[in-house]
Amino acid sequence: MLRDDYTGPFDPTLRLNDFSRQALADLGREYLLNGHLQDRVGLPEVMGQFGDDAMTRIAIEEWMSASPIYSKRTQRALNFVGDDVSTIFKNLQLDIGAAHQFMDFRYRLDGPNYGEFWLQRCGALMDVEPWGEKRVRAMCHDIEDPTFDATAAATHPCAKVRPIHRPPRHPADRVPHCRWKVFIDDEAVAYQQHENLAIVGRSQIASIGIDDPAASPQAGGWPDYSGPFDPDFQLEDFSHRALLIANQEFAVQSHVLARAFLLCVARHYGEDCIARLARKQWTGIAGLTAERLQRAMKIPGDGIDAAAKIFQLHPAFHPRTYVDFRVETTGPQAARIEIGPCPALQEGDAYSWFAHLGDQPHAALDAIARVANSRARCLPTASAHKGLAWDVIIDRSVEPSPEPAEVQLAKISTGAGIVFERRRPLRM
């Protein structure tokens, strides 16, 4: 029996494949939002250390160094490789940069070489408008111009994305928040991708394979996105197998973007700050997403089973082909999490969250565990699989740990509290 949520008993052998199509669609929206909001921690940390201009520079370069890689991956994985505007639009519908419902994209496709999209509501704009026009221009002009083109050029090197209108909003309550045209200009000079793209592309995460089940345990839905572009697409339209593939790719997108972020910071400001930034970014998004997963998947209680379930589902530990992750309960108030030898531990550089794990406690793991119980701690222990391991202990005699400052920073985003809607039933 497929699970519609995770209210039942903890199962150490559970996989994403054990959830229903609806549950996978619910998880997929959370995974998209996770990838989108990790910048809400990383970039303010850059700004605090190096200034506003540095934050804008890193935001531009990290997306230029990541989105073309995961765009081509997603196209291959879901069978919609092409070189026209409909392919670009499909790509945006499956991009962490356009997290569903938080970023309310709408589309109009006029032909193979022209279309328009607009944001009826832009959650990212809602996050920056309170900070003034300078921040709005930095996001909606300085950052969007090169990064939209980088994403589009992954599909066609002469694709262009140009504003019809965009913020600052005049009048202040203008809806839609922005509107853009996308077109193929065959006579244009081909887009020159950022030099860091090749470096990120050589990482193991950039080319990692994912689990692709031969059969689906639940009928219905599109097997991929090879059919016509659907401007009203939502994750519920996909088959069980397609959702499994999409969710793993969403997790890959998050890892690729984090790698690009750390690489870009290192190239501008040196390697010395990378460990600190990696820890802070991961801690903030890890804790926020853990909290959202517990609510979305209806994980009950404040005991060790709840903590183990959250670790199982967290996108930081997916896809399992990249992160050899396992969790089991070892007592009434104890569990063990392990990462075996795997590509995530073998990248050979400092540009990933996993590169900074070791034989010391890590704030990101504690941030996940404390969502289930604020008295939970993750203590390093010996691994039975020649990797890394931690005992998750709930000690009800100690004082509750406060919410980490990095999680509080992530929660400044309006996306932190968004409640996703199921807008139409599953497509059969």
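Bear in mind these aren't lab numbers, they're just calculated from the coordinates by the rules spelled out. All of these numbers come straight from a predicted model, not from anything done at the bench. Using ideal geometry, Cβ is built from the backbone for each residue, glycine included, and neighbour counts are taken over all protein chains shown.
Would you tally the net charge around Thr13, using a Cβ to Cβ cut-off of less than 10 Å, leaving Thr13 out, and scoring K and R as +1, D and E as -1?
Net charge around Thr13: -1.
For region 364-396 and region 63-142, what is the centre-to-centre distance using only Cα atoms, to the nearest Å?
Comparing the Cα centres of region 364-396 and region 63-142, I get a distance of 37 Å.
Identify which of Asp95, Asp302, Asp149 has the largest mean-square fluctuation in a Gaussian network model of the chain, with springs joining Cα atoms closer than 10 Å.
Top of the fluctuation ranking is Asp302.
Could you work out how far the C-alpha centroid of region 242-285 sits from that of region 192-223, in angstrom?
16 Å
Of Cys273, Ser239, Thr289, whose Cα points farthest to the positive end of the dipole of region 171-302 (charges on the beta-carbon: +1 Lys, Arg; -1 Asp, Glu; origin at the Cα centre)?
Cys273
Applying a 10 Å radius around every beta-carbon, put 114-122, 418-426, 258-266 in order of their mean neighbour count, most first.
258-266, 114-122, 418-426
Under a Cβ-only charge scheme (Lys and Arg +1, Asp and Glu -1), can you give me the dipole magnitude of the chain about the Cα centre, in debye to the nearest 20?
Taking the Cα centre of the chain as origin, the dipole is about 580 debye.
Residues with beta-carbon under 14 Å from that of Met139, excluding Met139: net charge, scoring Lys, Arg +1 and Asp, Glu -1?
Summing Lys/Arg as +1 and Asp/Glu as -1 gives -3.
Using a Gaussian network model of the chain with C-alpha springs under 10 Å, which one of Glu399, Glu45, Glu129 is most mobile by mean-square fluctuation?
Taking springs between Cα atoms under 10 Å, the residue moving most is Glu399.
Using helices alone, I'd like the mean residue ellipticity at 222 nm for the chain: each DSSP H run of four-plus residues gives -39500 (n - 2.57), total over residue count, nearest 500.
Rounded to the nearest 500, it is -12500 deg cm²/dmol.
For the cross-link pairs Lys90/Lys280; Lys134/Lys411; Lys309/Lys386, which exceed 31 Å when the distance is taken from alpha carbon to alpha carbon?
Lys90/Lys280, as the Cα separations exceed 31 Å there.
Please give the Cα centre distance for region 41-59 versus region 296-353, rounded to the nearest Å.
Distance between centres, Cα-based: 29 Å.
Taking only Cα atoms and a 10 Å spring cutoff, compute GNM fluctuations for the chain and point out the largest among Arg320, Arg108, Arg40.
Arg108
Would you tally the net charge around Trp180, using a Cβ to Cβ cut-off of less than 12 Å, leaving Trp180 out, and scoring K and R as +1, D and E as -1?
Residues near Trp180 contribute +3 overall.
Ordered by packing density, taken as the mean number of other Cβ atoms within 10 Å over each peptide's residues, highest first, how do 185-192, 204-211 rank?
Descending packing order for the listed peptides: 204-211, 185-192.
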